Amino acid sequence: MSATSAPPTTTGSLRAVPHAQLATEVRRGVLHLSRRLRQQKADTDVSDAQMAALGYLLMNEPLTIGALSEHEGVTPPSMNRTVNKLVEAGFVARGGDEGDRRKVVLRTTPTGASFVLETRRRRDEWLVPRLARLTADERRTLSEATRILRELAK
């Protein structure tokens, strides 16, 4: 393979690839914003993985460990460790499935639901004033970009 046909391996050489600069900029922007939003949790002892699992569970409960692990893209044993910590914290309860007594399902506790809602409130409280500083055109652009980002994440 010649030097001109070799795949790019560094950020500098990625710039020659179509759309690579945009990819870098989008990735950096999303990561930075995500990091800032993650800092707005109601309790810093809860990991990002625990927060993600708890938030998804709240919106889709009851769920099995398998369903939750599939959504989060981790193995069931890994999700089981995450859930164990959430159970220990009082945020999640394990219980039986009314339709299949062999199946164990997860539900958020009132404490867990309050934690998720408070974290979401804090994150919105951090973000809303920043959005308010944008122009109307910038907010429209961001709204469209948000739709596009959700499509990219599929």
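The values are calculated or read from the model by the stated rules, or taken from the named source; none is laboratory data. Note that this is a predicted model, so its numbers are computed, not measured. Glycine gets a Cβ as well: all are built from the backbone with ideal geometry, and neighbour counts include every protein chain shown.
Annotations
- The range 69-97 - residue that is of a type outside the set (S, T, N, Q) and touching a Pro at 6+ places or on another chain (Cβ under 9 Å) and, of those, nearest to Lys41 (Cα to Cα): Glu70
- Checked against (1) within 19 Å of Gly29 (Cβ to Cβ); (2) of a type in the set (S, T, N, Q); (3) assigned to a helix (DSSP H, G or I), Gln40 passes all but condition (3).
- Considering residues of the range 129-142 that are loosely packed, with under 10 Cβ neighbours inside 10 Å and part of a helix (DSSP H, G or I) only, the residue nearest to the chain's Cα centre (by Cα): Pro129
- The set of residues in the range 100-144 being of a type in the set (A, V, I, L, M), under 21 Å from Gln40 (Cβ atoms) and out of contact with any helix residue (DSSP H, G or I) (no Cβ under 6 Å at 6 or more places or on another chain) consists of Leu117, Leu127, Val128, Leu131, Ala132, Leu134, Leu142.
- Verdict on Leu57 being free of Cβ contacts under 8 Å to residues at least 40 places away in the same chain, part of a helix (DSSP H, G or I) and buried (at least 17 other Cβ atoms within 10 Å of the Cβ): no
- Restricting the range 44-54 to residues that are touching a residue at least 24 places away in the same chain (Cβ under 8 Å) and assigned to a helix (DSSP H, G or I), the residue that is nearest to Phe91 (Cα to Cα): Leu54
- Top-ranked residue of the range 60-91 - restricted to ones that are acidic (Asp, Glu) and over 12 Å from the mean Cα position of the chain (by Cα), ranked as surrounded by the most Cβ atoms within 10 Å (Cβ to Cβ): Glu61
- Test result for Arg102, loosely packed, with under 12 Cβ neighbours inside 10 Å, of a type in the set (D, E, K, R) and either outside any loop (DSSP other than H, G, I, E, B) or at pLDDT below 95 (or both): yes
- Positions within the range 60-99 being over 13 Å from Ala113 (Cα atoms), touching a helix residue (DSSP H, G or I) at 6+ places or on another chain (Cβ under 7 Å), touching a residue at least 24 places away in the same chain (Cβ under 8 Å) and not in a helix (DSSP H, G or I), in sequence order: Leu63
- Thr146 without any contact (Cβ under 8 Å) to a residue 40 or more places away in the chain, out of contact with any Gly (no Cβ under 6 Å at 6 or more places or on another chain) and of a type outside the set (Lys, Arg): yes
- Scanning the range 107-128 finds no residues that are of a type outside the set (A, V, I, L, M, F, W, C), at pLDDT below 95 and either touching a Phe, Trp or Tyr at 6+ places or on another chain (Cβ under 8 Å) or not in a helix (DSSP H, G or I) (or both).
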